[in-house]
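S.K.: So that we are looking at the same thing, I have put the structure below in structure tokens.
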Amino acid sequence: MASAHVTKRAKYKTTIKDPGTPGTLRMTFEKILFVPHNPKSAGKLDVEFRYIKGQKHTKEGSNKPPWLNLTNNQNGSFIFEFENYSDLQECRDFVGKVLAKGGEVSEKPTVAYPDEQLSATEMELRIKLLQEDSELQKLHKQFVLSGVLTETEFWATRKKLLDREASKKTKQRLGFKSAMISDIKPSTDGRTNKVTFNLTPEVILQIFAEKPAVHRAFLSYVPNKMSERTFWTKYFRAEYLHSTKNSIAAAAEGAEDEELAVFLKQDDILASEARKKIRRVDPTLDMEADEGDDYTHLPDHGIFREGNKEMTESQNELYKRSLSQDINRHAAVVLEGRAVDVELEDTKAVAEALAQSKQKSSNKGESGGDTSRERLDRLSRMTEIEDLQGPNTLPLAPLCIKDPRDYFDSQQANALRTSGDALGGIEQIKCGLSTQEVYGSLRESISLIKAMGLKEPIVKPEVAHQVFDALTNSISNTKYHIGKNPQESILDRLPRKTKEELLHHWTSILELLKHFWASYPITTAYLYAKVNRLKDAMSNIYPQLEEIKGSVPSELRHQVSLLVRPMHQALDAAIQHYEASMQKRSAQSGERPNGYV
Amino acid sequence: MASAPSKLYADDVSVVVVLLDTNPFFWSSSSLSFSQFLSHVLAFLNAILTLNQLNQVVVIATGYNSCDYVFDSSSDLNRSFENGRMPVMCSSLLQKLEEFLIKDEQLSKEEPEGKIKSSLFSGSLSMALCYIQRVFRSGALHPHPRILCLQGSPDGPEQYVAIMNAIFSAQRSSVPIDSCFIGSQNSAFLQQASYITGGVHHKPQNLDGLFQYLMTIFATDLHSRSFIHLPKPVGVDFRASCFCHKNTIDMGYICSVCLSIFCKHHKKCSTCGSVFGQAQTEAASASDKKRKTPET
Amino acid sequence: MPQVKIIAKNFMDMVASLPAIKLDLLYRNQFICEAILRSLPPLAKKYVLQMLYIDIPITSKSLQEWLLADGSSKHKVAIDRLIQLRVFEVIDRKKETTYKLNSTFQTNLRKHMISGGILPREPMPQSVTARLPTSEELDAYAHEQWECFLLQLISSGQAEKSTSFSSSMMRIFQRGLLRQRDKEAPRLTESGFQFLLMDTNAQLWYIIREYISNSEEQGVDQADLIAFLLELSFHTPGEAYSLDTLTDDQTTMIKDLADLGLVKLQKGRKESWFIPTKLATNLSVSLTDSSSRKQGFVVVETNFRMYAYSSSKLHCEILRLFARVEYQLPNLIVGAITKESLYNAFENGITAEQIVTFLQQNAHPRVAEKIPSVPENVTDQIRLWETDLNRVEMTPAHFYDEFPSRDVFEAASDFARMHNGLLWEDAKKMRMVVKAEIHMLMREHLRGQNK
């Protein structure tokens, strides 16, 4: 047990405005006790926990002091101001736990183990689940609180429920900023010709994402060919050249320094990606026809960066980059979102992580070279004209798993059947004849019937009548048994209380059996103890079942005993298994009764 | 059937695909002789054809080594001579059946070692479904299809997966599988097939009155089934066969990924390849350390 | 002239209306038994099948045991039908109703199940008949023949080739369908129009029924005729059957049937034979069966234009009944539904409903897939134009006034209302109009009041 009580210094306030009485807050499972430091001052508090309905608290990081607000069932509230948030947190978790128990049975102390260090959120999740599902709550109450199962064991089988609940909370990933990197303005000190760029890992990641060519260059040059610093210097030199719009100068510099040229040229990776994207566009869309319709094909929409108007020569086309290209690329990257979750410390690591994630996504996108074929498929799909084709939908029934009770109903009848035909697998019937003989006899009967014609009369009238009567009888019998409505099960004919009890027993037996069978093979002393515990709980159910049987009116007793029988069988099987394994165990290792290795 | 009602004939027109068990090993040990069985069935088929001009009957023989279509009322024109001894359709059916048996015999290799083997039920069921799919796709209107299995041989657990797949695809295309078991022990496969697809399963008590059973229960068209009670089996044998040894089992291990069934614990799922690991023992020992503390 | 409304009556209805002795005689024929079985409702078929081999009466209770909750109405229909056709014999024993199959019917059906039906004639071998028409050719032939007959029926002048029906025979068919006033050209009557708008099977039935009832007047046994017709429906379409196998009556009949397109007659070198068409085999199929559905040919546009993809003269004539035909192209008839053309139709006694159902039933497959197959504005307009004609309704009535007191007036108006005869009243002036039917009652009432 983490602690059966919590003691903290706190101020008790009746209202938020109240400055509060300083004192000690002591919380146990049963009650909340507040003793002021000054014994004379009023505000001594002694509240039992079962009057407490809920709690509210201020959040860390908000500008409010750490307050815990407990509301009681008369809608009154007790506000405690703690000295710090960790105190608040501890108390809050404690209250949460107690409230969870309090929802079920307040007088029973909970059996808990110190390994259950649950976070408050998980606790809340469990409480929420219990509150939402009364059946679950019943089971929880029955087994966990009576000590048959531990809290962890109970929830271990319901991880999925918890996960589902937990997964409802969406984790938001941090995206890229929408500001463009071109906005990194160089800072000039005005006196010298030195231009300074400020680089942060964040910016680097963005550059990598938006300019795959730079990314590639970084991976190949750094640190083998040049240092990271020189790399970035070159990069910004190129950027600076771009920003001046001096394409002649850019061309000149690019010719001199091939590394620099990488940054100055059009990004070939981007270009190929763009081509791929165009291929993915609806093939019936004739993009060429649209060309020239608007001014989008004009470079930069006629707007020039930095307001510098300068005509660029066509021979320097290679070194020209349009604003719209940049904007589009940036928009795409922002929309893609951040694919890497690497701490933005080391640029190298960032670059590699990005490379990996790209690899993955491109693998997904492109599989094999049958793109042209896919394009054709798409083309035929797009050009399909519905009017010309008949509907080719076939009637389909959705696959469904029917009400499992249906299954149990029939299983129960199955178990009843005295005839062994359902039980014995394939009984081996001897047939001494050879293959030839049997085929021969089969052909013989065909030729017989060919020669003689059909047997006349096919059925004797008496036999026919017998069969019809038997069938009619069985029909009217099943009608009586099952009721007119095929959906109606035997359960519906029972009194409501009995029905509920039976269903409850079913679920609790299933729960016990689930844990029971899951603990085999017994490898630890802990499991051993658990199995013992479960067995005791199971043997307790027998008299309860008998009691149900006794309580129903006599005409329904048969039905109920039919329903109870499979429960008995399941329990019997479990107990049998238990006893058998006990015997083996004691025979094997007499000196170690626990059998624990 | 609601999704494409316009494609069905309004009333009781039906296609009945009958799967005949022609496993010679079964018939040599059955109390009902094959010729008797045939006369019951042939009269029944004739009755179905008589009921409505548009009714259609397809017979598939389920042999020991193979299965094949032996009769299709839509294509076998009544051109063969009539001897007045039996309906026209019967003679052509019998002819084909004989040919089928000869072929089936040629396929058999070794002698069965002393016990009745199952017939190739999965094969004929799949053929029936293929035929029905063709019916669905042909023409503007198609009749209500249903499958009737007349089976006597014991279940072949090795066919479990194939049969279950066929059953589920039958359910998906809403084709009921009726089954009439004429062997000594009831068949779990047939029971499940009828249960899942909403067909009727019946095991006649009195095989001399087989024709009466067929007429009373299995001649009922799907249209009338919404007004009439048909015998329901009291219980359905839901047991499955394991994928590893093809045994019918009561309790077993199930792959949590692909739901394959095994009778023993395996390290790896043979169907989907998921590694099961030693989940149980590992978890046990992992939690062991923690759990030990409260006791000590 | 009897104003019988033409009901698309089933062959089986006719059979059911035969007297009991004749019915029993009919059941001696295996094929009739089979045809009867086929015509039964599904549930009734099941009852017959399950009682086929049972000799002793079955209680109606044991049949009802099988019923689900919502099956009882179907059960009743099935049982009624079976009793009507005398397939079931009702035996009341100890206050319990029991049923038994008609024993002739039962034996014949049993025989049929076991040994199959044997037609009195076998198809002729290929060597004699050489080349037989394909089923498409046969269908086309039947269709053409039937249309030719219809065309002759409605306007004798239009038909290109006349059938061999004697004019007296033709007149019998035309009885009720056409009306001739003095020397005017005969005009279609209301039922004549209705007849044309029916589907082929229903028309065929009407003609066959007339034919049968007419032949009885000529001394041919009705049951024989029915038996032969049903038998014919079990022949395989497309096979050749020798004419020599027929009796004299049947030979004369088969010639008439050839005119209707039920069979095709062919002559070989020595022998002659007949080939049943689909029309003949459809005889034993009940009319409601959707399998008799034909391919439609009419497309109606929202602008009231109508395109009929048909080269048939008959179709053109039918369309002309309610629409203005504008062009006739080799395979297309273009027309328009106009107020005038519809008024013409209404005057002839065709109802808007009939026109609408005709358009819907014969909708071209392309438009038939759509819902509605005929544009709603067109159907609505057709109905509106019809109601236009019915704006004034005439009801013979009596006018009452000068009531002695308000009490008497109110009692009288209550009385009239009670008898559903009050058409109008003016409480202030104490006047009312009452239907003529209850005038006598009214008078009695007022007399009683006066006393």
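The values are calculated or read from the model by the stated rules, or taken from the named source; none is laboratory data. Since we're looking at a predicted model, the values are computed, not measured. Cβ sites come from the backbone with ideal geometry, for glycine too, and all protein chains shown count toward neighbours.
S.K.: Yes or no: residue B:65 within 18 Å of the chain's Cα centre (by Cα) and surrounded by fewer than 23 Cβ atoms within 10 Å (Cβ to Cβ)? Explain how you work it out, then say what you get.
M.R.: Numbers: within 18 Å of the chain's Cα centre (by Cα): yes; surrounded by fewer than 23 Cβ atoms within 10 Å (Cβ to Cβ): yes.
The answer is yes for residue B:65.
S.K.: Turning to a different aspect of this structure: Touching a residue at least 40 places away in the same chain (Cβ under 8 Å), surrounded by 21 or more Cβ atoms within 10 Å (Cβ to Cβ) and closer than 17 Å to residue B:222 by Cβ - does that describe any residue in region B:200-210?
M.R.: The answer is no, given that none of the residues of region B:200-210 is touching a residue at least 40 places away in the same chain (Cβ under 8 Å), surrounded by 21 or more Cβ atoms within 10 Å (Cβ to Cβ) and closer than 17 Å to residue B:222 by Cβ.
S.K.: How many residues are out of contact with any Ser or Thr (no Cβ under 9 Å at 6 or more places or on another chain) and within 14 Å of chain C (Cβ to nearest Cβ) when one looks only at region B:219-246? First the steps, then the outcome.
M.R.: So in region B:219-246, the residues out of contact with any Ser or Thr (no Cβ under 9 Å at 6 or more places or on another chain) come out as B:219-220, B:224-226, B:245-246.
When the remaining residues are screened for being within 14 Å of chain C (Cβ to nearest Cβ), the result is B:219-220, B:224-226.
Of the residues in that region, 5 qualify.
S.K.: Within region B:26-37, track down each residue that is under 18 Å from residue A:447 (Cα atoms) and facing chain A (nearest Cβ under 7 Å). Spell out the reasoning first.
M.R.: Going residue by residue through region B:26-37, those that are under 18 Å from residue A:447 (Cα atoms) are B:27-28, B:32-37.
Correct list: B:27, B:28, B:33, B:34, B:35, B:36.
Every residue, every condition in (1) within 25 Å of the chain's Cα centre (by Cα); (2) outside the structural domain of residue C:106 (by TED's automatic domain parsing); (3) closer than 17 Å to residue C:112 by Cβ; (4) outside any helix (DSSP H, G or I), yes or no:
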site: C:33; (1), (2), (3), (4): yes, no, yes, no
site: C:37; (1), (2), (3), (4): yes, no, yes, no
site: C:49; (1), (2), (3), (4): no, no, yes, no
site: C:52; (1), (2), (3), (4): no, no, yes, yes
site: C:56; (1), (2), (3), (4): no, no, no, yes
site: C:71; (1), (2), (3), (4): no, no, no, no
site: C:74; (1), (2), (3), (4): yes, no, no, no
site: C:78; (1), (2), (3), (4): yes, no, no, no
site: C:82; (1), (2), (3), (4): yes, no, no, no
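S.K.: Among what's in region B:1-25 and is at the interface with chain A (Cβ under 9 Å from one of its Cβ atoms) and over 19 Å from the mean Cα position of the chain (by Cα), pick the residue that is modelled with the highest pLDDT.
M.R.: If we take residues in region B:1-25 being at the interface with chain A (Cβ under 9 Å from one of its Cβ atoms) and over 19 Å from the mean Cα position of the chain (by Cα), then B:8 is modelled with the highest pLDDT.
S.K.: Within region B:247-267, can you find the residues that are in a loop (DSSP other than H, G, I, E, B), out of contact with any Ser or Thr (no Cβ under 7 Å at 6 or more places or on another chain) and either among the hydroxyl-bearing types (Ser, Thr, Tyr) or surrounded by 13 or more Cβ atoms within 10 Å (Cβ to Cβ) (or both)? Don't jump to the end; show me each part of the working.
M.R.: Of all residues in region B:247-267, those in a loop (DSSP other than H, G, I, E, B) come to B:247, B:250-252, B:255-260, B:263-267.
Imposing the further condition that a residue be out of contact with any Ser or Thr (no Cβ under 7 Å at 6 or more places or on another chain) reduces the set to B:250-252, B:256, B:259, B:263-267.
Result: B:252, B:256, B:263, B:266.
S.K.: Among all residue pairs at least 6 apart or on different chains, which show Cβ distances below 6 Å where the first residue, located in region A:204-222, is touching a residue at least 40 places away in the same chain (Cβ under 8 Å) and the second is part of a helix (DSSP H, G or I) and polar (S, T, N, Q)?
M.R.: Once the first residue is touching a residue at least 40 places away in the same chain (Cβ under 8 Å) and sits in region A:204-222, its partners that are part of a helix (DSSP H, G or I) and polar (S, T, N, Q) give A:204/A:347.
S.K.: If you go through region B:192-203, how many residues are within 9 Å of another protein chain (Cβ to nearest Cβ) and within 23 Å of residue B:117 (Cβ to Cβ)?
M.R.: The total comes to 1.
S.K.: When only residues in region B:168-191 that are away from every other protein chain (no Cβ under 11 Å) and not in a loop (DSSP other than H, G, I, E, B) count, which is farthest from residue B:28 (Cα to Cα)? Full working, then the answer.
M.R.: Of region B:168-191, the ones away from every other protein chain (no Cβ under 11 Å) are B:177-180, B:182, B:189-190.
Filter again for not in a loop (DSSP other than H, G, I, E, B), leaving B:177-180, B:189-190.
Working: B:177: 26, B:178: 25, B:179: 21, B:180: 19, B:189: 22, B:190: 22 Å.
Looking at residues that are away from every other protein chain (no Cβ under 11 Å) and not in a loop (DSSP other than H, G, I, E, B), I get B:177.
S.K.: Among the residues of region B:54-61, is there at least one that is on the phi < 0 side of the Ramachandran plot, within 13 Å of another protein chain (Cβ to nearest Cβ), out of contact with any Asp or Glu (no Cβ under 6 Å at 6 or more places or on another chain) and at pLDDT below 85?
M.R.: Yes: one or more hits.
S.K.: A follow-up question, please. Being surrounded by 12 or more Cβ atoms within 10 Å (Cβ to Cβ), outside any helix (DSSP H, G or I) and at pLDDT 65 or above is true for just one of A:154, A:94, A:143, A:176. Which residue is that? Please lay out each step first, then the result.
M.R.: Details: A:154 fails: outside any helix (DSSP H, G or I); A:94 fails: outside any helix (DSSP H, G or I); A:143 fails: outside any helix (DSSP H, G or I).
Every option except A:176 fails the conditions.
S.K.: (1) exposed (fewer than 12 other Cβ atoms within 10 Å of the Cβ); (2) in a helix (DSSP H, G or I); (3) among the basic types (Lys, Arg): which one isn't true of residue C:366, the others all being true?
M.R.: Unmet condition: (1).
S.K.: Determine if region C:323-341 includes at least one residue that is more than 30 Å from residue C:31 (Cα to Cα), touching a helix residue (DSSP H, G or I) at 6+ places or on another chain (Cβ under 9 Å), at pLDDT below 85 and of a type in the set (Ser, Thr, Tyr). Talk me through it step by step, then tell me what you get.
M.R.: Pass one, region C:323-341, residues more than 30 Å from residue C:31 (Cα to Cα): C:323-341.
Next cut, touching a helix residue (DSSP H, G or I) at 6+ places or on another chain (Cβ under 9 Å) only: C:323-325, C:328, C:333, C:335, C:337, C:339, C:341.
Now restrict to residues that are at pLDDT below 85: none.
No, region C:323-341 contains no residue that is more than 30 Å from residue C:31 (Cα to Cα), touching a helix residue (DSSP H, G or I) at 6+ places or on another chain (Cβ under 9 Å), at pLDDT below 85 and of a type in the set (Ser, Thr, Tyr).
S.K.: If you check residue A:530 against the conditions, is it surrounded by fewer than 18 Cβ atoms within 10 Å (Cβ to Cβ), in a helix (DSSP H, G or I) and at pLDDT below 85? Reasoning before the result, please.
M.R.: Working: surrounded by fewer than 18 Cβ atoms within 10 Å (Cβ to Cβ): no; in a helix (DSSP H, G or I): yes; at pLDDT below 85: yes.
In short, no.
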